[in-house]
1. Between A:VAL279, A:VAL36, A:VAL332, which gets the highest mean-square fluctuation from a Gaussian network model of chain A, Cα cutoff 10 Å?
2. Cross-link candidates for A:LYS35: which aspartates and glutamates have Cα within less than 15 Å, leaving aside residues fewer than 8 places away along the same chain?
3. Give me the dipole magnitude in Debye, nearest 20, for the range B:23-73 about the Cα centre, with unit charges on the beta carbon: positive for Lys and Arg, negative for Asp and Glu.
4. Net charge near A:GLY215: determine it from the other residues with C-beta under 12 Å of the C-beta of A:GLY215, scoring Lys and Arg +1 and Asp and Glu -1.
5. Which residues does the label zone of A:LEU275 cover in the range A:230-252, counting backbone N under 12 Å from a point 7 Å along Cα→Cβ?
6. Between the label point of A:GLU214 and that of the same position in each other copy, find the distances and list them shortest first in nm, with every label point placed 7 Å from Cα along the Cα-to-C-beta direction.
7. Only Lys, Arg, Asp and Glu count, each charged at its Cβ (+1, +1, -1, -1), so figure out the dipole size of chain A about its Cα centre, rounded to 20 debye.
8. Find out how many positive minus negative residues lie around B:GLY65, taking Lys and Arg as positive, Asp and Glu as negative, among other residues whose Cβ is under 9 Å from that of B:GLY65.
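Since every read-out is calculated from the coordinates, none of them should be taken as a lab result. Being a predicted model, the structure only gives us computed values, none of them experimental. Don't worry about glycine lacking a Cβ; one is built from the backbone with ideal geometry, like all the others, and counts go over all protein chains shown.
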2 protein chains.
Amino acid sequence: MTRRPNDAVTLEDVAREAGVSLATASRAVNGSTRKVRPEIRERVERAARELRYAPNAQAQAMARGRTTLVGLIVQDIEDPYFSSIAAGVMRVAEANRMIVSIASTQRRPDKEAEYVAALRGMRAAAIVIVGSRTDERAALDRLGAELTAFERSGGRVALVSQRRLPVDTVVVANRAGARDLAAHLIGLGYRSFGVLAGPRGLLTAADRLSGFMEGLAGEAVPLSPDAVVHGEFTRDGGHAAMMELLGRGRDLECVFAVNDVMAVGAMAALRAAGLDRSVGVAGFDDIVTLRDVTPALTTVRLPLVEIGEAALEMVLSEPGDGPRSQRVRGEVVLRESTPGIRPR
Amino acid sequence: MTRRPNDAVTLEDVAREAGVSLATASRAVNGSTRKVRPEIRERVERAARELRYAPNAQAQAMARGRTTLVGLIVQDIEDPYFSSIAAGVMRVAEANRMIVSIASTQRRPDKEAEYVAALRGMRAAAIVIVGSRTDERAALDRLGAELTAFERSGGRVALVSQRRLPVDTVVVANRAGARDLAAHLIGLGYRSFGVLAGPRGLLTAADRLSGFMEGLAGEAVPLSPDAVVHGEFTRDGGHAAMMELLGRGRDLECVFAVNDVMAVGAMAALRAAGLDRSVGVAGFDDIVTLRDVTPALTTVRLPLVEIGEAALEMVLSEPGDGPRSQRVRGEVVLRESTPGIRPR
DNA sequence: CCTCAGCTGGAAAGCGCTTTCCATACCCTG
DNA sequence: CAGGGTATGGAAAGCGCTTTCCAGCTGAGG
């Protein structure tokens, strides 16, 4: 066999080797409605095996007019929140024999539209975008336009976030979760709270903040604007925000960080200040790898893997008449980081 | 415009709209060595923009005979070890305007070959496999054969692991890291050790174990076979192994878990047994999200993101004469989980 | 004024498949 | 034994691009 290196085995090679036509080889090897005689099919399959034939997916995609590609857009794959959701998406993709292509926006909202355009070019069958969309108008509009173009060309889209664009969405009940959490914390006897909010403009963070405030208001517990500090959505952001809050010299019983990662940063800051046993800390998400921090973190558990699964399942199912949405609630998990305050 | 829904804008549409030929449109829009008059190029570009044209990547790939696809195979994207490496790979991919397609083997070694075959079909430009390859002979052989076929068809491959197959490899110095760690722990005064080893047959785990044993042997510190317990490479695996070890009633001063995640499980078990302050614990990897556990974990820091970057960079660079390898060392980080023992 | 080189636009081949559409062979019925 | 299905293999069109190759036009040089 005198194939140059650097060129792959093609179906034509297989056909020749098996002594049949290209059409027959295709039918035997890659399936079809048409039948091919068992004896011949066997011959073709053997040839394919011997040559280590792997069908050219690009060519198949072109000929069939569809791909098995799922695009997944996350903000940061290193963040356990996103990697858990990604795991869910990948699991469903695998079950459907689809391959997933993934992109990280590094929290730059303008990247989303760019990646959608790229995926549109790849003729992806579906796109899942998981992100706390910002409220940046221009980026959102551009994303919407790209998504429309993608859908017009036959693709399907699901978002994991707020209901911000007219496409299928898995809505995470951030607001309700935070509201529940507030109620539980009040039930533990806490009355004076601080909040480590995320970056301004990040909707997930904003929703959790406002949900928490609603929860407090519902029980007539006040929250001074001075007790709310914004910071990055990261461990260090939580640490910095906590320091800032401590610096304001407020009397704190409990701190709510809008995600677990920030909460961990806050706990570190409190520990350094020797306050880790006197100030309660609560987070949000229930990140798996963080379940063993001490004291164990009170939080709102989000079924992240399931969220990823739901998103891809929704997008692979029969389309509805209009955009659908599926709501996922979190569940408050009380742990040692909020031991509570004995009623006085 | 009477395009059916469900079919995308094609270059031909753009050409017609701009009143030029297909060839010219291609040259204007997707670049070429050939020049096209500025006035015409402008007209084509405008048409493309107005129609929201996105070139069909499959078609381009076919015509050009190459893709911009990088395949990444990991064991479990939810595991922070892998997601950090993935982040590194994705960063380099983005810088090179390549898109990455990712697959999780869920720690089933036979999946690796299967995914390589799929990526070969997609005519991926490069594949990065990061995994602690098992010593399962059959799976390894099959993987080797697939990789050879992939390289023969012009693809490039890099492994992150041990030097087990004749391809470019980023070798993580697990053995040396564990050896150093042992030396440091001995320096802290510890003399009686337990080891929570990973699953049998998992090479990464085996290397760390044997490196640690070498380190002890080098200082003439004995380690009874009875003090080594194998367990899953997970938090729960570490927990279970620790329980088992405690059950053996040995006199322990310090425990080495072969990765951080197991170490965290072990710490939980020790805490439950009331031994968390009397037995030292060390891990391996220095997982970012675990840097805030208390007591802070002594470990061997691995530059995970950089490892991912190095792997893709190696594979995108000019190929060497033969398989190359690049060695990455870890650095011992002593923290509070191993306070040490005062010399008696 | 003719020739030839140098530009640049267009026609068409080809990338590796799938899928009509034909053609042939076979089997059944009357 | 003729006529009409019914299988099943093969030829060829077509998917959306890139890239030769060809053709027409322009301007320079003799």
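1. Looking only at A:VAL279, A:VAL36, A:VAL332, the biggest GNM fluctuation is shown by A:VAL36.
2. Output for A:LYS35: A:GLU45.
3. Here the range B:23-73 has a charge dipole of around 160 debye.
4. Summing Lys/Arg as +1 and Asp/Glu as -1 gives 0.
5. Only A:241-252 pass the distance filter.
6. 6.0
7. Roughly 1020 debye for chain A.
8. Charge balance in the 9 Å sphere: +2.
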